[in-house]
Amino acid sequence: MLPFNLTILGSSSATPTSERNPTSQLLCHGEKLFLIDCGEGTQVSLRRMHIHFQRIKHIFISHLHGDHFFGLIGLISSMHLLGRTKPLYVFGPPQLKEILDIQLQASQTTLLYPLEFRSTQAEKPEMIFEDELLSIISFPMLHRIPTTGFLFKEKPGERKISKEAIELLKVPVHLIPKLKAGADYVATDGTVHPNEMFTQPPPKPRCYAFCSDTAYFEEIIPIIKGADLLYHETTFMNNRIVNAAEKFHSTTGQAATIALKAGVKKLLIGHYSARYDNLQPLLEEACSIFPETELAIEGKVFEI
Ligand SMILES: [Zn+2]
């Protein structure tokens, strides 16, 4: 199976703390590295974790609150100063392009590489990226300004060939792609050999859902249903549920309830308010509703 994992680069909300950076995550799928949000300090985190950031080709920004994108121009600039020539694709709200343009103009920076901007919208789900292995869908969250979550979904792979069966029945090599796609094998004498004799089903496609920032919002459930890993913000504990609603954020209990209702395999919580030094009570509160919960902590890697 291809590597598919998530590294936490930042897990704080609003302001950095001595222990935590604002939101940023690195998703690795096969050879590809996708950056999700880019709060202040993201490139420092990447360097500390010895991640070669020129390998990042696609960046996804959920919304324009500073704790989710104030690190972006710094990263774009460092990529330039370190001699990048390959294109960088940035997905985010339309105003982000204006912001980046003015930052580059004011500093009289002409990037050495193409910066390709793709606008997102927060009205309805939309497929924003697709290659042979993965599709990425943006979808609306419920926040103070237009905000999207992102769903990273593997495409179904090909069936796995059993070499022994192929050799035993002397299946011609040119028919193997058809067998991988699910076709039966018809021998020259007309005998039909069912596909299952030669192949095993492909591994189940895996899926990662990123949901930050948002108030409690059940409309996302059909989109993230059954995800292998769900990241959902938990800015506050349950005793601040009113505060959370006013600020269009979620509590631990709300994130866990979404995970439970969506039938995901594992929940990852993060985007913690700076008021919480000790995160254990947040974990315990979420686990009381959804036991398969873990804390997003800088440097931790989660397999999907
Ligand atoms: Zn926000």
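General remarks:
- Residues that are closer than 27 Å to residue 137 by Cβ and crowded, with 16+ Cβ neighbours inside 10 Å, drawn from the range 71-92: 71, 72, 73, 75, 76, 79, 88, 89, 90, 91, 92
- Any hit, the range 167-178, residues being surrounded by 15 or more Cβ atoms within 10 Å (Cβ to Cβ) and either acidic (Asp, Glu) or modelled with pLDDT under 90 (or both): yes
- The single condition from (1) of a type in the set (Val, Ile, Thr); (2) in a loop (DSSP other than H, G, I, E, B); (3) farther than 27 Å from residue 227 by Cβ that residue 145 fails is (3).
- Sole residue being at pLDDT below 95, surrounded by fewer than 19 Cβ atoms within 10 Å (Cβ to Cβ) and more than 19 Å from residue 136 (Cα to Cα), chosen from 201, 281, 291: 201
- Odd one out for residue 24 among (1) without any contact (Cβ under 8 Å) to a residue 60 or more places away in the chain; (2) over 17 Å from residue 235 (Cβ atoms); (3) within 16 Å of the ligand (Cβ to nearest atom); (4) of a type outside the set (Phe, Trp, Tyr): (2)
- Applying the condition of being within 16 Å of the ligand (Cβ to nearest atom) and surrounded by 22 or more Cβ atoms within 10 Å (Cβ to Cβ) to the range 144-159 and asking which residue is farthest from residue 222 (Cα to Cα) yields 147.
- Residue 190 at pLDDT below 95 and either assigned to a helix (DSSP H, G or I) or on the phi > 0 side of the Ramachandran plot (or both): yes
- Verdict on residue 261 being within 16 Å of the ligand (Cβ to nearest atom), surrounded by fewer than 20 Cβ atoms within 10 Å (Cβ to Cβ) and not aliphatic (A, V, I, L, M): no
- Residue within the range 209-219 that is assigned to a helix (DSSP H, G or I) and closer than 26 Å to residue 69 by Cβ present: yes
- Restricting the range 210-231 to residues that are within 14 Å of the ligand (Cβ to nearest atom) and touching a strand residue (DSSP E or B) at 6+ places or on another chain (Cβ under 7 Å), the residue that is nearest to residue 137 (Cα to Cα) is 210.
- For residue 51, the stated conditions do not hold, so it cannot be described as β-branched (Val, Ile, Thr), crowded, with 16+ Cβ neighbours inside 10 Å, under 16 Å from residue 77 (Cα atoms) and away from the ligand (no atom under 16 Å from the Cβ).
- The range 55-82 - residue that is closer than 27 Å to residue 214 by Cα and part of a loop (DSSP other than H, G, I, E, B) and, of those, farthest from the ligand (Cβ to nearest atom): 71
- Taken as a whole, the structure leaves residue 98 outside the set of residues that are modelled with pLDDT under 95, surrounded by fewer than 19 Cβ atoms within 10 Å (Cβ to Cβ) and over 21 Å from residue 25 (Cβ atoms).
- Checking 187, 181, 122, 106 one by one, the residue that is surrounded by 15 or more Cβ atoms within 10 Å (Cβ to Cβ) and aliphatic (A, V, I, L, M) is 122 and no other.
- Count of residues meeting criterion [buried (at least 18 other Cβ atoms within 10 Å of the Cβ) and away from the ligand (no atom under 15 Å from the Cβ)] in the range 239-254: 4
- Selection from the range 100-123 of residues that are out of contact with any Leu (no Cβ under 8 Å at 6 or more places or on another chain), of a type in the set (A, V, I, L, M, F, W, C) and outside any loop (DSSP other than H, G, I, E, B): 102, 106
- Residues (in a strand (DSSP E or B), closer than 12 Å to residue 67 by Cβ and touching a Pro at 6+ places or on another chain (Cβ under 7 Å)) located in the range 14-51: 22
The values are calculated or read from the model by the stated rules, or taken from the named source; none is laboratory data. Predicted, not measured: the structure shown is a model, and the values here were computed from it. Don't worry about glycine lacking a Cβ; one is built from the backbone with ideal geometry, like all the others, and counts go over all protein chains shown.
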